[in-house]
Amino acid sequence: MLLAILLILPLVGAIAIIASPAKHAKWIALFISTGIFIYSLTLAMSFEHWTDGQFGLASEKPFQWFEQFGITLSVGVDSVSLLLVMLSTLLMPLCIWGSFSAITERVKEYYGWMLAIQAAMVGVFIARDLIFFYICFEFTLIPMYFLIAIWGGENRAKACIKFFLFTFTGSMIALAGLLYVAWQYSISSGDWSFDIAQLTTFASTELTASQQAWVLLALISGFAVKVPLFPVHTWLPLAHAEAPTAGSVLLASILLKLGTYGLYRFILPMVPEGLLYEVTLPLVGWTFIPLQLIAVLAIISIIYAALICWVQDDIKRLVAYSSVSHLGFCVLGLVALNPLGMQGSVLYMLNHGLSTGALFFLVGMIYERYHTRDMDKLSGLSKSMPVWAFFMVFFVLASVGLPGLNGFIGEFLCLIGTFVATADNTANPGILGPWYAAFAAVGMILTAMYLLMMVGKVVFGALKEPTVSHDSHHKPLPKDLSIREICVLAPIAVLCLYIGLQPKPLTDAIQAPVDEILAQYPPIVNRYHASQSRPDDFVLIQQSTEPGGAN
Amino acid sequence: MADKLWFLLPEIWLFVGVVVLSIIGLSKSKSLRDSLPFVTCFFLIVAFIMTPFVYSADRVADAPLLMPMLGKYVKMIVCAVGTMLALLSVGLLDRPLEAAMAEGRTRFDAIRVNRGEYFAFFLLSLIGVMLVCNANDLIWLFLALELASLPTYIMVAISRPSSKAQEAAVKYFFLGAMSSAMFLYGFALLYGSTGTIVITELRDAFTDQTLSEGGLSRLAIVGMILSIIGLCFKIVAVPMHFYAADVYEGAASPVTAFLGFVPKTAGAVALILLLSTVGWSNHHGFNVDGLPREILTTLWMIAVLTMTLGNVGALLQRSAKRMLAYSSIAHSGYLIIGLIAGPPFGLNAVLFYLLAYGLMNTAAFAVLAAFERRGQEIESLDDLAGLRRRYPVMAVVMAIAAGSLMGMPPLLGFAAKLYLFIAGMNAGHVALIVIAALNSAISAFYYLKLVALPLLAQSTPQSETVIPRPVVWPRVAAIITAAAIVILPIFANQLIKASNVANSIEQSALLSATDDLSLVEKVEDGTRH
């Protein structure tokens, strides 16, 4: 029940907002979201499993939905989920407060949807039942669709449809994959269950490698769209650029994490054999390992998106593409299959949520003042807006990965993890290695280049401001940031600095669950390496090691 | 005989309603004539309340039916959705005539008023559906199916004063007659193959055939496939789906909503009864592994083609009614997954899906039925543009209905679809589920239009001319159904339990099939060869 309040409270709040007059909407929303944040803080304080990787705060008597199939609405968190829950509950009041001046029409609906999406996001992270997870995962689409479609920019109609269709298609396929796992479980145990823990254990131990590969294909098409990885990333720049500021912040900070969280929570623990299953494409006869393919796609995302950022004039699109690039690192860290990489990756999820969220806030603040995001029209803003310029430089540096700020530790760990992910690493062998790390590092350099170039253009140099005619129904904003806007950014900045200087508590918290996921990998990876080094015996080894025999 | 009559009490009660309605329809008093839809609702609600008492445990125990409790569930959902459909039809009929009478341009003429007939036929068609689930022989089944369909032909024709409606009715009638001929022919072949028309005996005869010949006789297979294809007309599935777009477009929206639910329910229930005579392992009590292969393949192909054609067809439409017609086809495709999967989950899924589809379909058409332009009903999607600005509640109802049809959690459509998918998966039809999932993704594309146009688009000069119908009841029905779509998922488990009881087969038959172990071995031998 403790955790369920996190779900129920925002929904109650949303209804309260719809029922109350429009002028109170934003205050009710702020009040409730702050309350939720404080509540989640107390939950975090009382949480007992920060370092042992266990799940806590589970509901004792979860609501039974389809009893015949064992579908329940059960909840529970481990340290990683709780951190992500904290991230979303922290950002929500900031998002709501940050949109006080930007949102002037259909106010009630706006704040109602904001609280609805909060419920869905928290639901994804606390769900311990597959169907419950899926319901929340899908439900994030609806509020985001409306946030983009109603309060978005000029191109919003196209943006929201593209966003919706990409994600919906992906998650329908993922659903089929998840149902397949549950069905296999029901065959072997005689009873249906959608309990995530049971299904994960079952899938990783009982399914054959080829079955796991199929499940992997289904799941990755759902989660890769959300991350997004290279070929299916095209919805993201459009959605980000058209969404209202708070929408972009939520999209970048939390919703993209649903994809990497899916990789972390489902793909890695569920289908270890599938990730290392040798796939031969029919007709062309190319063979590859899914794990390698994902890593390559992640590196393509890193470099390709960074190159796009380089030639971007629109600041918001630049930050959006930088998310694609950054999440590439995150995925790369996950598939490195060692504690360094995975810890780095989970840290990266949090850090990216903070720094990119802040960057979107900053871009939104500029847009509110000048009604443009074109870098050619803006220059030297440090002279007119010193406070804004300070935050801009701060968060860009955090995003680039300056040591001492939060971005560094995650990115560094991901790269180190990738670098050492070789057969020689006896404790946690991987199949990536220095070459992958080298290419990813190129992306790191590119990141520094495009972000610092953007800063050089927009923040420094000769002052150039577009003239703005203020429309009557917007209250004119102060030239530099208002107290409210500073208050929105300051907590994020403090956290960035804190995590940058003191990452130990976080890495400690991430350690245990990561180790648990990784425990099953070394034998599988070693087997793979053995088969690679002795190609003659490959067939033999493949046959003898496949659990459960051929199909 | 008396046993059987007892279960027909709701039908008999509704037949009283038919008589009452046709008499009231001839009344000179306008207020009496205006009360027709509400009288219809009254009869339906009483039938709804009556049904659970009729199906009391002691009565059901010795009922001579294949699925004795099926009637309870089907009759209750038919009465519930039927009440909503009756509300949609308020103020639909005789509008020019009533207006002329109100202005004193013409006098009351009993020959020219259609309202009494309309609602009488309305109830007759519902009686037909209810009778289908009581069927225990093929003749009864045929007559019940015809009773469900025949009134709808007339309802389409008189639903609006336009040649389009008459054209639709003629198309509908001829194709309907052809389909009836088809499944009647199929029934005849089934009789030829087994020598009986009683459904429980048919099942035993097919069991014997399977035992002695290792499979159904060819005659039986041809008969069964013909019956299935004929029934595809009722549930709007490939290859008998051609009429849907034209007929749905031609009929007035309340009638279209009726067509989307009532014949589909009749067809689906008839298919459940027919298929349970030939297949599904646990209904037989011995291992025939679902349906016979030929019938399984036929249904599999029908399912895939139906959902794909329906969804792709819907993508291309500019008319809201045609789009919903194709969506109705697509949903039949999903429905067949449940029939393939078989009991208990598959049939639960079918029965649950019928309720869910009935509600969301009614909600969507209720919004269309709530508006008009210069006395003509709205058809084009563009007419819905910017509905939110003037009629926010109706725009929200349309969005809820479309979201539910799409299968968006946490709405009723999602619960129904999820259950259906799990049931299909449980029966091992992975490919079918993947195809259905992809189809759901395709369907999002056009259902999004129904969300986006009313809620998000700017109104156009064309859509500005749309005004609400002078009666409030279609809007009331829209709100009630939308509320049900939002609230019922919470009770999905209870609904599934009810449908589970509904498709459980009579105990004695199950026992008689299982106690003979030698039979079971023989069958396993037979199926192996």
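The values are calculated or read from the model by the stated rules, or taken from the named source; none is laboratory data. As the structure is a computational prediction, the values presented were derived from the model and not from experiment. As a convention, Cβ positions derive from the backbone with ideal geometry for all residues, glycine included, and neighbour counts pool all protein chains shown. These accessible areas exclude ligands, DNA and RNA; they are computed on the full protein's heavy atoms, side chains included. Shrake-Rupley method; radii C 1.70, N 1.55, O 1.52, S 1.80 Å.
Annotations for the structure displayed:
- Taken as a whole, region B:312-322 holds no residue that is part of a helix (DSSP H, G or I), without any contact (Cβ under 8 Å) to a residue 24 or more places away in the chain and open to solvent by 20 Å² or more (accessible area, probe 1.4 Å).
- Filter result (under 17 Å from B:Ala415 (Cβ atoms) and open to solvent by 10 Å² or more (accessible area, probe 1.4 Å)) within region B:323-343: B:Ala341
Residues checked against (1) more than 14 Å from every other protein chain (Cβ to nearest Cβ); (2) over 30 Å from A:Thr372 (Cβ atoms):
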site	(1), (2)
A:Gly177	no, yes
A:Tyr180	no, yes
A:Gly190	no, yes
A:Thr205	yes, yes
A:Leu216	yes, yes
A:Pro231	yes, yes
A:Thr234	yes, no
A:His240	yes, no
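- Residue check for A:Ile36: assigned to a helix (DSSP H, G or I) and farther than 14 Å from A:Thr89 by Cα: no
- For region A:21-62, the tally of residues that are more than 28 Å from the chain's Cα centre (by Cα) and under 22 Å from A:Val85 (Cβ atoms) stands at 2.
- When residues in region B:440-457 are screened for being more than 9 Å from chain A (Cβ to nearest Cβ) and within 24 Å of the chain's Cα centre (by Cα), 4 of them pass.
- Within region A:138-149, residues that are at the interface with chain B (Cβ under 8 Å from one of its Cβ atoms) reach partners that are polar (S, T, N, Q) and surrounded by 23 or more Cβ atoms within 10 Å (Cβ to Cβ) with beta carbons closer than 9 Å, at six or more positions or on different chains, in the pairs A:Glu138/A:Thr167; A:Glu138/A:Ser171; A:Leu141/A:Thr167; A:Leu141/A:Ser171.
- Of the candidates A:Ala209, A:Ala224, the single residue that is away from chain B (no Cβ under 13 Å), of a type in the set (Gly, Ala, Ser) and touching a Phe, Trp or Tyr at 6+ places or on another chain (Cβ under 7 Å) is A:Ala209.
- Sole residue being free of Cβ contacts under 8 Å to residues at least 12 places away in the same chain and of a type in the set (A, V, I, L, M), chosen from B:Ala135, B:Ala100: B:Ala100
- The criterion of at least 2 residues that are without any contact (Cβ under 8 Å) to a residue 40 or more places away in the chain and surrounded by fewer than 23 Cβ atoms within 10 Å (Cβ to Cβ) is met, among helices (runs of 4 or more DSSP H) falling completely within region A:321-413, by A:386-400.
- Any hit, region A:52-73, residues being open to solvent by 10 Å² or more (accessible area, probe 1.4 Å), away from every other protein chain (no Cβ under 14 Å) and within 29 Å of A:Arg369 (Cα to Cα): no
- Residue list for region B:20-66, restricted to those being outside any helix (DSSP H, G or I) and out of contact with any Lys or Arg (no Cβ under 9 Å at 6 or more places or on another chain): B:Lys28, B:Ser29, B:Ser35, B:Ser56, B:Asp62
- Residue match in region B:348-357 (condition: touching a residue at least 40 places away in the same chain (Cβ under 8 Å), within 14 Å of another protein chain (Cβ to nearest Cβ), over 22 Å from A:Ser193 (Cα atoms) and open to solvent by 10 Å² or more (accessible area, probe 1.4 Å)): no
- Among the residues listed as B:Ile433, B:Ile480, B:Ile485, B:Ile490, the single one being at the interface with chain A (Cβ under 8 Å from one of its Cβ atoms) and either under 26 Å from the mean Cα position of the chain (by Cα) or of a type in the set (Phe, Trp, Tyr) (or both): B:Ile433
To keep it simple, each residue is scored yes or no on (1) within 21 Å of A:Tyr348 (Cβ to Cβ); (2) in contact with a Leu (Cβ under 9 Å, 6 or more places away or on another chain).
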{"position": "A:Tyr450", "(1), (2)": "yes, yes"}
{"position": "A:Met453", "(1), (2)": "no, no"}
{"position": "A:Glu465", "(1), (2)": "no, yes"}
{"position": "A:Val468", "(1), (2)": "no, no"}
{"position": "A:Leu477", "(1), (2)": "no, no"}
{"position": "A:Cys487", "(1), (2)": "no, yes"}
{"position": "A:Ile499", "(1), (2)": "yes, yes"}
{"position": "A:Pro513", "(1), (2)": "yes, no"}
{"position": "A:Ala519", "(1), (2)": "no, no"}
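- Failed item, numbered, when B:Ile229 is tested on (1) within 18 Å of the chain's Cα centre (by Cα); (2) open to solvent by less than 30 Å² (accessible area, probe 1.4 Å): (2)
- The numbered conditions (1) touching a Pro at 6+ places or on another chain (Cβ under 9 Å); (2) not in a loop (DSSP other than H, G, I, E, B) are all true for B:Leu216 except (2).
- Subset of region A:475-493 (residues that are open to solvent by 30 Å² or more (accessible area, probe 1.4 Å) and closer than 29 Å to A:Phe55 by Cα): A:Pro491
- Criterion (touching a residue at least 40 places away in the same chain (Cβ under 8 Å), in contact with a strand residue (DSSP E or B) (Cβ under 9 Å, 6 or more places away or on another chain) and open to solvent by less than 10 Å² (accessible area, probe 1.4 Å)) met by exactly one of B:Ala270, B:Ala245, B:Ala303: B:Ala245
- The selection criterion, being assigned to a loop (DSSP other than H, G, I, E, B), of a type in the set (Val, Ile, Thr) and touching a Pro at 6+ places or on another chain (Cβ under 9 Å), holds for A:Ile103.
- Residue-level analysis places A:Leu217 among those that are assigned to a helix (DSSP H, G or I) and open to solvent by 40 Å² or more (accessible area, probe 1.4 Å).
- Hey, A:Ser469 modelled with pLDDT under 85, of a type in the set (Gly, Ala, Ser) and farther than 30 Å from A:Val363 by Cβ or not: no
- Of all residues in region B:398-421, those satisfying the criterion of being touching a Gly at 6+ places or on another chain (Cβ under 6 Å), farther than 15 Å from B:Phe365 by Cα and more than 8 Å from chain A (Cβ to nearest Cβ) are B:Gly407, B:Leu411, B:Gly413, B:Lys417, B:Leu420.
- When the residues of region A:88-100 are filtered to those that are of a type in the set (A, V, I, L, M, F, W, C) and either open to solvent by less than 10 Å² (accessible area, probe 1.4 Å) or outside any helix (DSSP H, G or I) (or both), the one that is farthest from A:Phe360 (Cα to Cα) is A:Phe100.
- Scanning region B:191-222 for residues that are small (Gly, Ala, Ser) and closer than 18 Å to B:Ile505 by Cβ yields a count of 1.
- Wholly within region B:102-213, helices (runs of 4 or more DSSP H) carrying at least 3 residues that are aromatic (Phe, Trp, Tyr) and within 26 Å of B:Ala245 (Cα to Cα): B:115-134, B:163-194
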